[in-house]
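We did not get these values from a lab; they are worked out from the coordinates using the rules stated. Everything numeric in this text was worked out from a predicted model, so none of it was measured. With ideal geometry, Cβ positions are generated from the backbone for all residues, glycine too; neighbour counts draw on all protein chains shown.
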Amino acid sequence: MPKTSRENAVKLEDLPNIGKACAADLRLIGVATPQQLVGKDPMQLYEALCEASNARHDPCVIDTFMSAVRFMEGAPPLPWWAYTPERKALLINNKTKVKK
């Protein structure tokens, strides 16, 4: 099965950009199937992972979560780094909101 087929994705590792480690991270926070990513907020998934693992993870994990969620919601398969500008803009926007 091609790794980019959302219709046939059964396990998290079937998704683009999701390998064993990232799949384990998602399972740690209660996401067991690709279909469970639909409608999720990648930033909230990241925060849940940091809390569950009691560690701050690399922000690129947010990009990877964005790519997986968006793919399952119908976006084309893109490399995780295609979401880096969006993640950076979100983080800047969130910092601005916190300071106000």
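The table that follows gives values for the structure above.
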{"item": "Max mean-square fluctuation residue, GNM over the chain, Cα-Cα springs under 10 Å, options Val61, Val38, Val69", "result": "Val38"}
{"item": "Highest-first arrangement of 81-92, 41-52, where packing means the average Cβ count within 10 Å", "result": "41-52, 81-92"}
{"item": "Extension gain from Ala55 to Thr33, taking 0.36 nm per residue of separation minus the Cα-Cα distance", "result": "5.6 nm"}
{"item": "Extension gain from Ala24 to Leu91, taking 0.36 nm per residue of separation minus the Cα-Cα distance", "result": "21.7 nm"}
{"item": "Tail weight of P(r) past 20 Å, computed on alpha-carbon pairs of the chain, percent", "result": "34"}
{"item": "Rough spin-label spacing in nm, given labels placed 7 Å along Cα→Cβ, for Thr84 and Asn8", "result": "3.2"}
{"item": "Per residue convex hull volume, Cα atoms of segment 22-69, in Å³", "result": "60"}
{"item": "Within straight-line cross-link reach of Lys20, aspartates and glutamates at Cα separation under 19 Å, skipping those fewer than 8 residues along the same chain", "result": "Asp58, Asp63"}
{"item": "Helix 60-72 axis, angle to the chain major axis (alpha carbon atoms, nearest 10°)", "result": "50"}
{"item": "Under 9 Å, Cβ to Cβ, from Met66 - net charge with Lys/Arg +1 and Asp/Glu -1", "result": "0"}
